[in-house]
1. Residue by residue through the range 24-40, note down the ones that are in a helix (DSSP H, G or I) and in contact (Cβ under 8 Å) with a residue 12 or more places away in the chain.
2. Go over the candidates Lys20, Lys9 one by one and state the one that is outside any loop (DSSP other than H, G, I, E, B), over 16 Å from Thr73 (Cβ atoms), without any contact (Cβ under 8 Å) to a residue 40 or more places away in the chain and of a type in the set (Lys, Arg).
3. Which residues, counting only those in the range 33-57, are over 18 Å from Leu96 (Cα atoms) and either surrounded by 18 or more Cβ atoms within 10 Å (Cβ to Cβ) or not β-branched (Val, Ile, Thr) (or both)?
4. Considering only residues that are surrounded by 10 or more Cβ atoms within 10 Å (Cβ to Cβ) and either touching a Phe, Trp or Tyr at 6+ places or on another chain (Cβ under 7 Å) or basic (Lys, Arg) (or both), which ones fall in the range 1-18?
5. Looking at the structure I just gave you, is Thr43 of a type in the set (S, T, N, Q), touching a residue at least 40 places away in the same chain (Cβ under 8 Å) and farther than 30 Å from Asn5 by Cβ?
6. Report those helices (runs of 4 or more DSSP H) wholly inside the range 51-129 carrying at least 1 residues which are free of Cβ contacts under 8 Å to residues at least 40 places away in the same chain, within 20 Å of the chain's Cα centre (by Cα) and closer than 24 Å to Ile18 by Cα.
7. Would you call Ala60 touching a strand residue (DSSP E or B) at 6+ places or on another chain (Cβ under 6 Å), among the small types (Gly, Ala, Ser) and surrounded by 14 or more Cβ atoms within 10 Å (Cβ to Cβ)?
Amino acid sequence: MALVNQVQKRVKMPKWNIVKYQILTHCYINNITVSNSDLDCLTLLSFNEPIELTHFCYDASAEEGWIFKSPQTVRNCINKAEKNNLVIKDSSNKKLVMLNPNLQIQTEGTVLLDYKFLGYDTKETEDIV
């Protein structure tokens, strides 16, 4: 009979952090490397989607000390995210960008995340130990 060590954590946090956590979790599970600035950029996009790319690039770099310093850096981040299938462009208007709906990122209303992860030892790791 196998035993499972179960850990439950309950955390109340601002919606920005909940959305950022959802994106981070998706990237971690799918081995997509993202920086904290990339995460902030994608989080901002999730709250403003769909949005015209040029407007978003200026919005994400508008304030001093905000996510990126220039609109071009924001555009580079969006292009990288698009290559990793995190962001898509509207099929009828290529200037509109949004998070890929397949990510199922929740931004509306009260959000309760209920992830269940199972870590297990494989035969290979048992032989190494």
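Quick note: the coordinates plus some simple rules give every number you see, no bench work behind them. Owing to the predicted nature of the structure, the values given are computational and were not obtained by experimental measurement. Cβ placement follows ideal geometry from the backbone for every residue including glycine, while neighbour counts extend to all protein chains displayed.
1. First, pick out the residues of the range 24-40 that are in a helix (DSSP H, G or I): 24-29, 36-40.
Once the filter is applied, which keeps residues that are in a helix (DSSP H, G or I) and in contact (Cβ under 8 Å) with a residue 12 or more places away in the chain, the range 24-40 yields Leu24, Thr25, His26, Cys27, Ser37, Asp38, Leu39, Asp40.
2. On the way: Lys9 fails: outside any loop (DSSP other than H, G, I, E, B).
Criteria check complete, one pass: Lys20.
3. So the first thing to find is which residues in the range 33-57 are over 18 Å from Leu96 (Cα atoms), and the list is 33-40.
Selection gives Val34, Ser35, Asn36, Ser37, Asp38, Leu39, Asp40.
4. Lys15
5. No; evaluated as a whole, the condition is false for this residue.
6. Working: elements: 53-59, 71-83, 123-128.
Qualifying helices (runs of 4 or more DSSP H): 53-59, 71-83.
7. On the way: touching a strand residue (DSSP E or B) at 6+ places or on another chain (Cβ under 6 Å): no; among the small types (Gly, Ala, Ser): yes; surrounded by 14 or more Cβ atoms within 10 Å (Cβ to Cβ): yes.
Here the answer is no, as Ala60 does not meet what is asked.
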